[in-house]
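Accompanying notes for the structure given below.
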Amino acid sequence: MRVDQLLPVLGAHDAVGSHALAVRRALRAAGYASDLYADVVAPGLADQARPWLDGPGRISPERVVVYHASTHAPLSEWLLARGRRGERIVVDYHNITPPVFFRRWLPDAAWEMTAAREELAALAAVAEASLADSAFNAAELAGLGYRSPEVSPLLVDLDAFRAAPDPPTLARMERQRRNGGAAWLFVGRIAPNKCQHDVLAAFAVYRKLFDRRARLCLVGGVTAPTYLAALQRMVDHLDLEAAVEIVSGSTSEELSARYVGSDVVVCMSEHEGFCVPLLEAMALGVPIVAYRAAAVPETVGDAAVLLGDKEPVAVATAVADLLGDAERSAAIVEAGRARARRFGLETTSAELLGHLRRLPGSW
């Protein structure tokens, strides 16, 4: 039996790409033949995937194609045609950001998100089964007509992520910590749906009311340059240049050091299909204060302070209350470590294989 995977982009340090590579490892370990095909492959990963046009093969009941849906891709039309001819297709949905978040900042990206959602809806007619990272994503699939979507979390190798933190980065953060002040952290793409502006607003209030030496680091690649420029203007306007650092292009070791050297992760994102950075924070023992939105509550469970209000004073006060209560903070950290274990690679790989084995045929 073959289970091949198809995805629009295989990117370095990308959650969907890392998931697809982990899925292939799990499939091969379980005895399935499995290859990976992508439309775009990042430099350095050319040996991990073949161009998708190289992999049509013959349509066979002995093969399943798992399509990772997360963005607009021309290969979706090819896949739709294959499905109409009898190809066995499983859609693994990783969330598509609603275009409303990007229309002001990046209109072309908003158009692509609209197209991606149309492609996702069309594939419902030919998908034999569907998977989703979260119940939040699964509900969206059900609304589009997918039959009985199954929740199968992202495969994340947290053991690899726990590798030794980058020594220079960690040393610098420790020097800053000795000077006093809480270290805030948010990890995620610089994108409007991530709402880094809300984190900045709350941080400014926190410094004014509770901790004038507090520091904030925003880590993530830049999806919307115009939004980044607005964030930088906001930092200048709030006179926070010396207290706020915006970092992109971190290695895994540098990112690990950022977590280890931080006192709290503050997430005000309004749209997440899963949110791997929250899982990373829990695994590395950093308490979380987050906005109760989209898939965030089901990812963190009881291992975070969840807020229904993003008003800056409310967020700043919640952070101050958490950091001022050592017992409560320790309890959240312990709950977070337990929650991260629920998403261990062995567990999530077994869940994924279980879903695939329930497909009709000789599995």
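Assorted remarks:
- Scanning segment 121-150 for residues that are touching a strand residue (DSSP E or B) at 6+ places or on another chain (Cβ under 6 Å) and hydrophobic (A, V, I, L, M, F, W, C) gives Leu123, Val126, Ala127, Ala129, Leu131, Ala132, Ala135, Ala138, Leu141.
- Only listed residue being of a type in the set (Ser, Thr, Tyr) and in contact with a Phe, Trp or Tyr (Cβ under 7 Å, 6 or more places away or on another chain), chosen from Ser349, Ser252, Ser248, Ser329: Ser252
- Test for Val286: is it farther than 22 Å from Ser70 by Cα, surrounded by 18 or more Cβ atoms within 10 Å (Cβ to Cβ) and of a type in the set (Val, Ile, Thr): yes
- Residue check for Glu272: surrounded by fewer than 19 Cβ atoms within 10 Å (Cβ to Cβ) and acidic (Asp, Glu): no
- Filtered residues of segment 14-37 (kept if touching a Lys or Arg at 6+ places or on another chain (Cβ under 8 Å), surrounded by 19 or more Cβ atoms within 10 Å (Cβ to Cβ) and of a type in the set (A, V, I, L, M)): Leu36
- Residue match in segment 128-136 (condition: in the same structural domain as Gly83 (by TED's automatic domain parsing), of a type outside the set (Gly, Ala, Ser) and in a helix (DSSP H, G or I)): yes
- A single entry from Ser349, Ser329 fulfils the requirement of being more than 22 Å from Gly220 (Cα to Cα), assigned to a helix (DSSP H, G or I) and under 21 Å from the mean Cα position of the chain (by Cα): Ser349.
- Close pairs from segment 284-302: first within 22 Å of Ala182 (Cβ to Cβ), partner of a type in the set (Lys, Arg) and assigned to a loop (DSSP other than H, G, I, E, B), Cβ under 9 Å, at least 6 apart: Leu284/Arg162; Tyr291/Lys310
- The helices (runs of 4 or more DSSP H) found entirely in segment 183-264 that carry 1 or more residues being assigned by TED's automatic domain parsing to the domain that holds Ile288, over 21 Å from the mean Cα position of the chain (by Cα) and crowded, with 22+ Cβ neighbours inside 10 Å are 196-209.
- Residue list for segment 259-282, restricted to those being touching a helix residue (DSSP H, G or I) at 6+ places or on another chain (Cβ under 7 Å), farther than 15 Å from Arg189 by Cα and among the hydroxyl-bearing types (Ser, Thr, Tyr): Tyr259
- Selection within segment 216-242: residues that are hydrophobic (A, V, I, L, M, F, W, C) and free of Cβ contacts under 8 Å to residues at least 24 places away in the same chain. The member of this set that is farthest from Tyr259 (Cα to Cα) is Ala229.
- Verdict on Ala116 being modelled with pLDDT of 95 or more, part of a helix (DSSP H, G or I) and within 18 Å of the chain's Cα centre (by Cα): yes
The values are calculated or read from the model by the stated rules, or taken from the named source; none is laboratory data. Keep in mind that this is a model prediction, so the values were computed, not measured. When we count neighbours, we look across all protein chains shown, and the Cβ atoms used for this are built from the backbone with ideal geometry, even at glycine.
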